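Take a look at the structure below.
The values are calculated or read from the model by the stated rules, or taken from the named source; none is laboratory data. Just so it is clear, the structure is predicted and the values come from calculations on it, not from any experiment. Please note: Cβ atoms are built from the backbone with ideal geometry, for glycine as well, and neighbour counts cover all protein chains shown. These accessible areas exclude ligands, DNA and RNA; they are computed on the full protein's heavy atoms, side chains included. Shrake-Rupley method; radii C 1.70, N 1.55, O 1.52, S 1.80 Å.
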Amino acid sequence: MALQISATNPEHPALLLELPWDVPLEEWPEEYLVPLPRGISRHVVRYARAGDEVIAVKELAERPALREYELLRDLDRLGIPAVDPLAVVTGRTDRDGAPLEPVLVTRHLRGSQPYRSMFETTMRPATMHRLMDALAVLLVRLHLAGFAWGDCSLSNTLFRRDAGAYAAYLVDAETGDLHPRLSPGQREYDLDLARVNISGELLDLEASGALHPSVDPVEFGHEICTRYAGLWQELTRTSVYPAGKYHYIERRIRRLNDLGFDVAEMQIEHSSNGDTVTFVPKVVDAGHHQRQLLRLTGLDAEENQARRLLNDLESWMATQDDYAPGDPLAARPEVLAHRWVRDVFRPTVRAVPLELRGTMDPAEIYHELLEHRWYLSEQAQHDIGLDTAVEDYIAHVLPKARATLEPTTPD
């Protein structure tokens, strides 16, 4: 049987032709290989260079190779974070004509490392918790798409930090199944496999002395289930709000924040019954919101202030007719952010008289106004709007704040 390279992109076979397909993958010469960390695998896996690309090559039987290739393509179409499938190579034989196993070729995710290799660095528990949060996000997104992984582990997941965001990527779909929808039993089974696999690998790392002494492998395995359950509940429960009750959206964002997650994207769909809101969560590094707010708006704020302002910006953008995430013809976030600063942020801050601001900077004033708006809206059970919040804040909050700060004169 002649060598065959099956790929959807015509450029990929040309990149792969120079590789030594007549040599068992385990025996490939060093000149072709790239020394990158790998997780534990039941198959032989190697990183190699093909032109300007770094690729991952995995030997396995033809049927599972083709099946995994198609599953990875499906995940790509669904927008799920996973490695990019390039090709399946079949018809391999050695120099004596003996058959060799086919291989699945995927593109190496630049700047990524297997979760297992990250945990081998004796990182701090706080960072480990962020990594597990990112893994919980990945599992939730897979299950929402109807994908049962069947083999979630530290070795089968890649980690990458991009612009302060923590993200987990699926790297092995061999045992996965794609369904129109997963039942609760399918999700629970997949989650239980993840718990067992993660605890097992952490126990292995503990035995080797690579795990932080404060980390309990069994408890940490249970944590993925706890984080998943909270996130799943918050993302999947009914989210239809009556017109004018936009403070309900703020309440949802706050609950996600309290769980330790931030909102990467928010979509509001208008219907006859109300406004349906969809959230896409993410896990971020310290200082991420400060950097993002500064990049988008030029506003320099403290981290908590920046998160609050970004939430307001995201909510406002979702109500704009020319906001469509992923649409290249829609207004860019930077353009919308500039419009928000000009039409919302600055007029709101300017409505507070200079003599009443004290030492508060504009970002802090706006943050305080958003908090006051949230408080009043919760009391009224409808969104009161910024103008009403500003009026009430000036009339009732600022005078008390100034009275507290002003020095008292001794008798």
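Relative contact order (percent) for region 1-79, with alpha-carbon contacts under 8 angstrom and 6 or more residues of separation? Before the final figure, lay out each step's value.
Working: 50 pairs, mean separation 15.3, N = 79.
Result for region 1-79 is 19 percent.
Give, to the nearest whole percent, the P(r) tail of region 312-395 beyond 21 angstrom, counting all Cα pairs.
On the way: 1322 of 3486 pairs.
In whole percent, the share of Cα-Cα pairs in region 312-395 beyond 21 Å is 38.
Highest first, please rank the peptides 331-341, 24-34 by the mean number of other Cβ atoms sitting within 10 Å of their residues. Walk me through the intermediate numbers first.
Numbers: 331-341: 16.3, 24-34: 12.2.
Top of the packing list down: 331-341, 24-34.
Where the accessible area of region 288-405 is counted over protein heavy atoms with a 1.4 Å probe, how much of it, in %, is carbon and sulfur? Can you show the working numbers first?
On the way: 3330 of 6470 Å².
Within region 288-405, the accessible surface is 51 percent carbon and sulfur.
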Worksheet, complete the sentence: Over region 340-406, with neighbouring protein chains present, the accessible area per residue in Å² at probe 1.4 Å is 57 Å²
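What accessible area per residue, rounded to a whole number of Å², is obtained for region 120-204 using a probe radius of 1.4 Å?
Working: 3330 Å² over 85 residues.
I get 39 Å² per residue for region 120-204.
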Practice prompt. Would you calculate the separation in nanometres between label points at ARG254 and GLU70, each defined as 7 Å from the Cα along the Cα-to-beta-carbon direction?
Written response: 4.9 nm
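Take the solvent-accessible surface of the protein heavy atoms, probe 1.4 Å, and return the percent of it on region 4-108 that carbon and sulfur atoms account for.
47 percent
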